[in-house]
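Have a look at the structure below before the remarks.
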Amino acid sequence: MNRKLIFRTMFFSIFFSVIFNLYLNLEINSISSEINKMNIEIIELEREKQATHVLFIEKYSIQNIDLLSKNNSYTRLDIQQTNKNLVAPYKSKVEINETTTVLGFSK
């Protein structure tokens, strides 16, 4: 009887260890597939980010500043000498045409 009990416990322990390992492998595979899906999504998002960055650089590059200033009604100011206070070289045309009003009195 003692031998029979030992063999049964060995059989059940081996059986449960095999079943447990199979279950763990299934769980690991499902988690691995989810990680692969997330990695693919991350790669797609990185590509979209790079594409928008390239579009931003193309739209707001130094070559397009003059075009943007013309579209937004800015004129380039003539700079005769360089100032150390770094005044902006563009001035709005809209600000020139408007008169300022303070407390109902305009200048």
According to a simple spin-label model (label point 7 Å from Cα along Cα-to-Cβ), what is the distance in nm between R47 and V18?
4.5
Residues with amide H under 5 Å of T75's amide H, sequence separation 5 or more or different chain, H placed in the peptide plane at 1.01 Å from N; which?
K91, K93
Taking 0.36 nm per residue of separation between N25 and K4 and subtracting their Cα-Cα distance, the length gained on full extension comes to 4.4 nm
Would you mind computing, in nm to one decimal, how far apart the modelled labels at I65 and S32 are, each placed 7 Å from Cα along Cα→Cβ?
5.4
Residue by residue through region 10-27, which ³J(HN,Hα) values in whole Hz follow from phi under the Karplus form 6.51 cos²θ - 1.76 cosθ + 1.60 (θ = phi - 60°), with glycine and proline marked x?
5, 4, 5, 5, 5, 4, 5, 5, 5, 5, 5, 5, 4, 4, 4, 5, 4, 5
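Here, each number is a calculation from the coordinates, and none is a lab measurement. Predicted model, so just to flag it, every value in this text is computed and none were measured. Every residue, glycine among them, receives a Cβ derived from its backbone with ideal geometry; neighbour counts consider all protein chains shown.
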